[in-house]
Every structure is written in C-alpha cells, then in structure tokens.
1. Just flag the chymotrypsin sites (Phe, Trp or Tyr not before Pro) in segment 1-70 sitting in loop per DSSP whose Cβ has no more than 10 other Cβ atoms within 10 Å.
2. What's the longest piece of the chain with no exposed trypsin sites (Lys or Arg not before Pro), counting a site as exposed if DSSP puts it in a loop and it has at most 10 other beta carbons within 10 Å?
3. Where the only charges are on Cβ atoms (+1 Lys, Arg; -1 Asp, Glu), what is the dipole of the chain about its Cα centre, to the nearest 20 debye?
4. With n ≥ 4 as the cut-off for DSSP H runs, can you work out [θ] at 222 nm for the chain, using -39500 (n - 2.57) per run divided by the number of residues, rounded to the nearest 500?
5. What percent of all Cα-Cα pairs in segment 1-49 falls into each 10 Å bin, going from 0 up to the bin containing the maximum distance?
6. Helix 125-137 against the longest principal axis of the chain: what's the angle in degrees, Cα atoms only, rounded to the nearest 10?
7. Segment 1-49 to segment 82-125: how many Å between their Cα centroids?
8. Tyr101 to Arg147: extension gain in nm, 0.36 nm per residue of separation minus the Cα-Cα distance?
Amino acid sequence: MLINRFQQTNLPHIYAAGDVCGPHDIVHIAVAQGELAANHAFGEKVKPLDDALLLNVVFTDPQIGTIGAVERDLKERGEPYLAASYPFNDHGKSILMEANYGYVKVLAEPKRGRILGAEIVGKRCWRSDHCFSGPLAMKATVFDLLRAPWYHPTLAEIITYPLEEIADQIKV
Ligand SMILES: Cc1cc2nc3c(=O)[nH]c(=O)nc-3n(C[C@H](O)[C@H](O)[C@H](O)COP(=O)(O)OP(=O)(O)OC[C@H]3O[C@@H](n4cnc5c(N)ncnc54)[C@H](O)[C@@H]3O)c2cc1C
C-alpha cells in the first residue's frame, strides 16, 4: 500500500501503518508508524521516520544484525565512507564463550567520522547492535563512541576495534 511520509494513503483521512504498507516488516517500525499516524491525524507536530536508523536482526545462528546504512546502499548512492571490521575469533571474551564465528563492521563518514551504519554477525549480536542505535540516532561520531567506557571482558568491547581503526584513518 502506498503512503506518504506521514502514513497517509491517497485518501488523506485514511492512514496505514505496519506490514500493510511496509517497507520493512519489523515490529518497532510498525509501532513507530502507528504512533506517527495517530499523532498526525490529531494535528500534532510530527517528524517523519528516519530511514537512516533502520535496525534489522535475523535470529539465525550466528545472528545477523545491521543498523543504519549497509555498504551496498552507500556504494549504490556513491556516498563516500570509511569501513573497518574486526573478527570475533580474535577477541578474548568471544573465544572463551565459544562465540568465534562472525565480525563487527562499522561504516562512517570520512571527514568527521559520523557513524553511518554497523553490521554484526555473531552470537547475541542484537546486544551489540543496540550499542549503535542511540549513537546513530544522536548522529554520533566514532570519536564520541570511543569516549564512552567499554567494560572488559565483554563481547561488546570488540566494537572499539573498528571504531579505533576508522578514527586512526581520519586523524592521519
Ligand atoms: C514468523 C515471523 C517472525 C517475525 N519475527 C520478527 C522479529 O523477530 N522481530 C520483528 O521486529 N518483527 C518480526 N516479524 C514481523 C512482525 O511480526 C510484523 O512486522 C509486525 O507484527 C507488524 O505489525 P502489524 O500491526 O502491521 O501487523 P500484525 O501484527 O500482523 O497485526 C495485524 C492484526 O490485524 C488483524 N486482522 C487482519 N485482518 C483483519 C480484519 N479483516 N479485521 C480485523 N482484524 C484483522 C490480525 O489478526 C492481526 O492481529 C515476524 C513476522 C513473522 C511472520
């Protein structure tokens, strides 16, 4: 079903939200679209949903999670970016947890290092994915995330390695 950015159909008093209109069949998006539609219908000041914050998890083993832009989109749009990744099989905590398979990849804008997206394949990757959702919504840079504390030993601290690699590329 076709809708505009306020969830209105071609009959502006009829709204649609969730799987019926897409474009992503994901619960938190259906909820956000429903809230947007209701607020718009009641004349509230609303902001359209931000596609740059798309969060996706596939609950396979290993799990696959992406947030924000994926590399293919950036290539298709001709958008410049820096990418860095780090494998779980080189990280002490994941080796101990027998969570060796997978990696964390971070994509960032090359001038200031604003995070554009992240891709995580591995055990309980949704936890690490959520490490990016707040920063992405707040348009944080790799430098902002590196200022945050990262507890050792955790799976999440692996995120700091690609962040540092990107930060090093920008500083040079
Ligand atoms: C197997 C499976 C696994 C999924 N796993 C995930 C996941 O892990 N994470 C995630 O984010 N998303 C997941 N999804 C997608 C997620 O369930 C949907 O995106 C979400 O439920 C969409 O919400 P909705 O309100 O649009 O539709 P629904 O939740 O389907 O709600 C529509 C409701 O309308 C009712 N209805 C239909 N026709 C009529 C009618 N004529 N009259 C009255 N009522 C009617 C239905 O009974 C239903 O209750 C999964 C989907 C499937 C099928």
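The values are calculated or read from the model by the stated rules, or taken from the named source; none is laboratory data. This is a predicted model, so every value here is computed, not measured. No Cβ is skipped: glycine too gets one built from the backbone with ideal geometry, and neighbour counts run over all protein chains shown. All accessible areas refer to the heavy atoms of the entire protein, side chains included, with ligands and DNA or RNA removed. Shrake-Rupley method; radii C 1.70, N 1.55, O 1.52, S 1.80 Å.
1. Passing sites in segment 1-70 are Phe42, Phe59.
2. That would be 46-110.
3. So the magnitude is around 400 debye.
4. -10000 deg cm²/dmol
5. Using 10 Å bins, I get a P(r) of 31, 60, 10 for segment 1-49.
6. 60
7. Taking the Cα centre of each part, segment 1-49 and segment 82-125 sit 33 Å apart.
8. 13.8 nm
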